[in-house]
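Please read the structure below before turning to the comments.
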Amino acid sequence: MGATLRSWLFTTDHKRVGILYLIGSLAAFAIAGVMAMLMRIELTNIGPDITDNPQDYNVWLYFHGAAMILGFQIPALTGFLANYCVPLMIGARDVAFPRLNALSVWLFWAGIVLALATFVIPDPPDVMWTGYPPYATMTWGNTAFYSFTVLLLGFSSILGGVNFLTTVAYMRAPGMGWNQLNVFVWSIVVAFIIQLIFVPVLGTAVTMLLFDKYLGTTFFQPANGGDVLIYQNLFWFYSHPAVYVILLPFLGITYEIVATFARNRVFNYKMVVYGGFGGVLLLAGEVWVHHLYTAGVPDWLRVGQMVTTLLISVPVGLLMIGLVGTLYRGSIEYRTPMLYALGVLFFFLIGGLTGIPNAIASLDLHLQDTYFIPGHFHYVMAVAGTFAIFGAVYYLFPKMTGRMYRERTGKLGFWLTFIGMNLVFMPMMIAGIEGMPRRYYDYAQFPQVEGMQQLMTVGAFVILAGALVTLWNWLHGALRGEPAPANPWGSRSLEWTAAPSPPPPGNFPVPPRLEPGWSPYAYGERA
Amino acid sequence: MPEVRSVLAAVPTGLLVAGAAVAGPGPIADPAVGWDRLWEEMLIDITVIGLVFAAVAAWFMWRYRRRDRAEGDPPRLSATAAVGWAVIPAFVFMADDFYLAAKGWELWKVYRTVPEGALEVRLDSAMWSWNYTYPNGAVTVNELRVPAGRPVLLRMTSRDVVHSHFIPDFRVKEDSMPGRITYLWFYPKEPGEHVVTCAEYCGLLHSRMAGKVIVMAPDAFEAWYRAAGQKAAAEAASGGEEV
Amino acid sequence: MAQQGAELDRELGGRLAAAAHEGEGHAAGEHAHEWETSPWPLTISVGILLALPLAFAFRFVYGQPLLAVIMLGLGTPLIVAGVVGWVREGLGAHELGLSPAAMPWFILAEALIFLTLFASYWVMRLGAPEWPPAGTVDLPRLVPLAMTAILVSSSFTIHAAEARLAEGRHGAFLRWLALTMVLGTVFVLLSAFEWRELIHEGFTPATNAYSTAFFSITGFHAAHVIVGLGAFVALLLPALRGRVSEPFVKSASMYWHFVDVVWLFVVSQVYFW
Ligand code: HEA
Ligand code: HEA
Ligand code: CUA
Ligand SMILES: [Cu+2]
């Protein structure tokens, strides 16, 4: 036992590092989800429900937002999935820098530990995941932990980026060309390029926050020559591209699942990769001002970025066409991962399209910072992203554990979360149109949304039930499930065809050799 | 200090639509009405797009469920078809984007162009209240009294952190922050009361940072305004004596 | 479908079994059958957690300097031990081979840190009613010039070291490397000296927007020089015992050139504009 614990804590193997990422990010999800439950219960009725101190609510919300984005989704997608899949998909025995990889996962864990400290320290941070000054530099809350959590996770991500870009560039199986990469591998490449360019900006911004609050510098102090808008611009200059760091890998893995279960080639691969991913990469850095439509930045910036923001629908639309097109003339089998993947398609459609009104600057003047915004991003990120991650865990489950989960339980969990998510986030958007602002502990000014708030709370409990069913299914499957074959889905991708379940150290008993014209999606051509 | 002006006027307009409803002499364009109209149009637009995608996907999901064949047999796209499938949709989406952008821009100008003769009130926000100062020196807290039928312009700044002055009924919101002056205007037409609330997180009592816009009949407002102005002047005078 | 899966599986199973046979001979060495491990990444992470966030928070948030010192005292040795152990392990391993390919990505990220700081500086400066703002003292002109000369020459010396290594002249390599380190150290000392003078004259990070930008930018830069020096130490110690990794030298020198180039921006933007 001691030896095995050590072999996990000291591991440099990409699969184990990936699983360590998975455990950490699911822990973040569960705890941030519990915070969401507390918030939901508190919001059920007007007036105090479970706490009469708004500060409690603010801390829950801070933790919920920060942990869900920085602790759950980004690490689950660019940590767990990238680590587990990329070397297997490109036929490599590990990543380029295994030790750096281990450092990156443990820095991530350090960030999680620091975030969890929120619940034990006096004056926990209460600055929301956006940490706007001057509030963040005036509060009694411990803004330092906010900054350092971001810094640790950011540094971890930069190491990951350096590592994976090198891995994909230099460690592909002999004969694997760039146009033969899995769509998911491409999505990771683009996501990490975005991370490498933009994370340092965020890291510097929160460092400046730290200096301002504790060392007396004046970056964001107007009274002494600073400007509060510097921070907002820097923050969104990172945090908008960050949503594509979430979006691209989750669409990437959705493509893998859909191609596998439709036993079909990815529709118009080059359009997806170069048009879709490439287009998003090009536009990602030119739209951040759409978070500042009401912040008094110059009008030409606001209107200019309205246009660039709307244009993002072009590459993303191509990605949607590719996804729907992959169903065309397929042979679709509806197993749990596929249900989640199709869920991603529908929820992302709703979430993406509700980004359009926000993008129109004049419409956003009413919508900004109302519940419409959480409605939009929960659909696109909390629902579609989480479904993609859950689907991916189911999809890789046989590979990771060597065992099968239970299909019926998986589908039950899917339908519960599916229904629950709509019950929470549909009313949320309607409440937003009614004018209900975000980050409200209480909403006495808006009695008309009380009914919707109650519906949302009910929905949250349905999600909780679904999540517990899912968790049980995973735990049960990992410990007691039926043994899984190497390729239970009949996929053509290397991780299934060339490696046993679970793959041994070094991944491939025989280094994969690719025939000319090999493709991870060569369906329908053998028979 | 930045002046109130429409920077947009400097931007070449020919690129998109020209015939925009710029406020000027004649009837005043009301942003709230424009908002509701554009909202509906936009809603139809995205609903149609969403339904098309969803319907096609649902049809494929049904039509190509696994039956006889074990594997899909997708058509091989010719080079022309592949490019076409990228370029044509891209242009369709772009057309819609530019249409929406043009509409949005038109309304934007209404929002940012203050009509002549607006009542100008200064707003200082502070944790956690709204403080209004009228041209004649009258001061109110959390109560913005305005006459019906006259546009109202708020010039805003903050004494501490960032707040956002939000009047849902008039569909307007703009942040107020230390070190900068921002503005918004709205057009109250009928007497009545409307919620004002804070839309930018500002700490403990963020959700309680609420007030009212009280729209009064013009003569009632005039009476109140004069009285409040005199009271403020008297207070200033007595305050001056004390010093 | 289940059938299909089973079929593929059998096929794969067969191939795997065949491979295992055939692999006994040559593939065994190539593919480790043990999970590879290293204790150092975890060690470093724990060290960073203690020495940065916790020490900082105890000192500046909770006013507990003693606890802060304890955290530093625990964290720093862990980091140092981690780096030493890592370098020992890493020098022999294949992974260093790719490090010159990875370094440009890292440098890209680093460059954006400085871009962010400069951008904030420009915004404050161009938006200010007067510049330099009240409270600014006269910045020295000579010291930064000297520092520039020193840092630029250190770029040449590290290049020379690299060239000697390529020629296989180990002794000359060591001498050039050591000279580079001396130059770097002098640079840091000059910077520290200058900071002390300025703070003495009352120009502290809290003085005004200029001092904020000045101390942040020069401080970030000096921190990078120190990291570069750290990398050189990690190069030098094993090299003294004859163990050198050429890719490692190449990456470290690339990083050093980058730090040098950034300095040119620092001088021109912060001192002479
Ligand atoms: C994964 C995360 C994710 C993703 C992918 C997106 C995608 C998009 N987001 Fe969203 N967004 C967030 C996460 C995300 N967002 C978060 C977290 C916030 C709030 C942060 C905070 O304040 O706390 C936010 C806030 C936010 C705002 C700020 C609102 C405000 O605060 O006032 C805006 C404004 O423009 C916006 C717009 C968009 C747009 C236009 C897209 C586009 O990329 C969507 C593109 C997709 C489609 C359009 C659908 C598919 C395309 C087609 C079917 C083609 C045809 C369509 C057309 C021609 C229209 N988002
Ligand atoms: C990916 C991101 C993500 C996810 C998944 C979620 C998930 C949820 N969110 Fe969250 N949310 C955000 C990101 C996310 N959110 C962000 C960024 C904000 C803005 C923060 C800010 O304003 O600064 C926000 C804000 C936000 C608000 C707005 C509060 C306000 O403005 O006042 C609300 C209100 O209802 C809410 C609710 C929920 C609910 C009910 C869920 C549910 O879906 C949660 C369901 C999950 C659980 C119930 C977990 C419990 C499960 C287990 C314990 C066992 C299962 C475990 C495993 C399967 C591993 N969220
Ligand atoms: Cu003031 Cu929120
Ligand atoms: Cu955005």
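The values are calculated or read from the model by the stated rules, or taken from the named source; none is laboratory data. If you're wondering where the values come from, they're calculated on a predicted model, not measured in any experiment. Don't worry about glycine lacking a Cβ; one is built from the backbone with ideal geometry, like all the others, and counts go over all protein chains shown. Remember, those area values only see protein heavy atoms, side chains included, never the ligands or the DNA or RNA. Shrake-Rupley method; radii C 1.70, N 1.55, O 1.52, S 1.80 Å.
Could you count how many residues in the stretch A:307-330 are within 9 Å of ligand 1 (Cβ to nearest atom) and either touching a His at 6+ places or on another chain (Cβ under 7 Å) or charged (D, E, K, R) (or both)? Residues in the stretch A:307-330 being within 9 Å of ligand 1 (Cβ to nearest atom) and either touching a His at 6+ places or on another chain (Cβ under 7 Å) or charged (D, E, K, R) (or both): 1 in total. Close Cβ contacts (under 7 Å, 6 or more residues apart or on different chains) running from residues in the stretch A:217-229 that are more than 7 Å from every other protein chain (Cβ to nearest Cβ) to residues that are among the aromatic types (Phe, Trp, Tyr) and crowded, with 24+ Cβ neighbours inside 10 Å comprise A:220/A:231.
Residue A:77 falls short on exactly one of the conditions (1) of a type in the set (A, V, I, L, M); (2) modelled with pLDDT under 95; (3) open to solvent by less than 20 Å² (accessible area, probe 1.4 Å), and that condition is (2). Residues of the stretch A:8-23 that are among the β-branched types (Val, Ile, Thr), in a helix (DSSP H, G or I) and in contact (Cβ under 8 Å) with a residue 40 or more places away in the chain: A:17, A:19. Taken over the stretch A:140-182, the criterion of being outside any helix (DSSP H, G or I) and closer than 29 Å to residue A:275 by Cα is satisfied by A:171, A:172, A:173, A:174, A:175, A:176, A:177, A:181, A:182. When you look at residue A:254, is it polar (S, T, N, Q) and within 10 Å of ligand 1 (Cβ to nearest atom), yes or no? No: the conditions fail for residue A:254. Note on the stretch A:350-368: residues that are within 7 Å of another protein chain (Cβ to nearest Cβ) and either within 6 Å of ligand 1 (Cβ to nearest atom) or part of a strand (DSSP E or B) (or both) total 3.
Can you confirm whether the stretch A:274-285 contains a residue that is within 10 Å of ligand 1 (Cβ to nearest atom), assigned to a helix (DSSP H, G or I) and free of Cβ contacts under 8 Å to residues at least 60 places away in the same chain? For the stretch A:274-285, residues within 10 Å of ligand 1 (Cβ to nearest atom), assigned to a helix (DSSP H, G or I) and free of Cβ contacts under 8 Å to residues at least 60 places away in the same chain: present.
Answer yes if at least one residue in the stretch A:374-395 is within 11 Å of chain B (Cβ to nearest Cβ) and either within 16 Å of ligand 3 (Cβ to nearest atom) or open to solvent by less than 10 Å² (accessible area, probe 1.4 Å) (or both), and no otherwise. Spell out the reasoning first.
Going residue by residue through the stretch A:374-395, those that are within 11 Å of chain B (Cβ to nearest Cβ) are none.
No, the stretch A:374-395 has no match at all.
Here's the yes/no breakdown for (1) among the basic types (Lys, Arg); (2) within 14 Å of another protein chain (Cβ to nearest Cβ); (3) within 14 Å of ligand 3 (Cβ to nearest atom):
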| position | (1), (2), (3) |
| --- | --- |
| B:159 | yes, yes, yes |
| B:183 | no, yes, no |
| B:208 | yes, yes, yes |
| B:232 | no, no, no |
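When residue A:254 is tested against (1) within 10 Å of chain B (Cβ to nearest Cβ); (2) hydroxyl-bearing (Ser, Thr, Tyr); (3) within 16 Å of ligand 2 (Cβ to nearest atom); (4) under 28 Å from residue B:75 (Cβ atoms), just one condition goes unmet, and that condition is (1). Does residue A:155 meet the test of being at negative phi and surrounded by fewer than 24 Cβ atoms within 10 Å (Cβ to Cβ)? It is true that residue A:155 is at negative phi and surrounded by fewer than 24 Cβ atoms within 10 Å (Cβ to Cβ). Tallying residues that are at the interface with chain C (Cβ under 9 Å from one of its Cβ atoms) and open to solvent by less than 10 Å² (accessible area, probe 1.4 Å) within the stretch A:507-522 yields 2. Applying the set (1) more than 9 Å from chain A (Cβ to nearest Cβ); (2) under 22 Å from the mean Cα position of the chain (by Cα); (3) crowded, with 19+ Cβ neighbours inside 10 Å; (4) not aliphatic (A, V, I, L, M) to residue C:203 leaves exactly one unmet item: (2). Scanning the stretch B:107-140 for residues that are away from chain A (no Cβ under 14 Å) and either among the aromatic types (Phe, Trp, Tyr) or part of a loop (DSSP other than H, G, I, E, B) (or both) yields a count of 10.
If the condition is being under 19 Å from residue A:56 (Cβ atoms), facing chain B (nearest Cβ under 9 Å) and over 20 Å from the mean Cα position of the chain (by Cα), then the stretch A:109-135 contributes A:126, A:127, A:135.
Please verify whether the stretch B:207-217 includes one or more residues that are part of a helix (DSSP H, G or I), more than 16 Å from ligand 1 (Cβ to nearest atom) and open to solvent by less than 50 Å² (accessible area, probe 1.4 Å). For the stretch B:207-217, residues part of a helix (DSSP H, G or I), more than 16 Å from ligand 1 (Cβ to nearest atom) and open to solvent by less than 50 Å² (accessible area, probe 1.4 Å): present. For a quick check of your reading of the model, give me the residue pairs whose first member lies in the stretch A:439-465 and is within 14 Å of chain B (Cβ to nearest Cβ), whose second is open to solvent by 10 Å² or more (accessible area, probe 1.4 Å) and part of a helix (DSSP H, G or I), with beta-carbon atoms closer than 6 Å and at least 6 apart or on different chains. The qualifying pairs are A:441/A:54.
The residues in the stretch A:115-144 that are open to solvent by 10 Å² or more (accessible area, probe 1.4 Å) and either within 18 Å of residue C:58 (Cα to Cα) or touching a Lys or Arg at 6+ places or on another chain (Cβ under 9 Å) (or both) can be counted, and the count is 13. Step by step: first the residues of the stretch A:293-320, then only those that are more than 7 Å from every other protein chain (Cβ to nearest Cβ), in a loop (DSSP other than H, G, I, E, B) and closer than 20 Å to residue A:369 by Cβ, then the one that is modelled with the lowest pLDDT. Which residue is that? Checked the stretch A:293-320; the qualifying residue modelled with the lowest pLDDT is A:297. Out of the residues in the stretch B:161-181 that are away from ligand 3 (no atom under 11 Å from the Cβ) and in contact with a Lys or Arg (Cβ under 9 Å, 6 or more places away or on another chain), which is nearest to the other protein chains (Cβ to nearest Cβ)? Here the answer is B:178.
Could you tell me whether residue A:495 is under 19 Å from residue A:89 (Cα atoms), in contact with a Lys or Arg (Cβ under 7 Å, 6 or more places away or on another chain) and modelled with pLDDT of 90 or more? Taking the combined requirement at face value, the residue satisfies it. Reported count of residues in the stretch A:210-240, each being within 17 Å of residue C:204 (Cα to Cα) and not in a loop (DSSP other than H, G, I, E, B), is 8.
One residue stands out in the stretch B:127-161 among those that are aliphatic (A, V, I, L, M) and in contact with a Ser or Thr (Cβ under 7 Å, 6 or more places away or on another chain): the one that is least open to solvent (accessible area, probe 1.4 Å), namely B:156. Screening residue A:399 with (1) open to solvent by less than 10 Å² (accessible area, probe 1.4 Å); (2) within 14 Å of chain B (Cβ to nearest Cβ) gives one miss only, at (2).
Within the stretch A:218-269, the residues that satisfy the criterion of being of a type in the set (S, T, N, Q) and open to solvent by less than 10 Å² (accessible area, probe 1.4 Å) are A:218, A:232, A:239, A:254, A:260, A:264. In the set (1) open to solvent by 10 Å² or more (accessible area, probe 1.4 Å); (2) in contact (Cβ under 8 Å) with a residue 60 or more places away in the chain, the condition left unmet by residue A:26 is number (2). Of all residues in the stretch A:55-64, those satisfying the criterion of being within 16 Å of ligand 3 (Cβ to nearest atom) and touching a helix residue (DSSP H, G or I) at 6+ places or on another chain (Cβ under 9 Å) are A:57, A:58, A:61, A:62.
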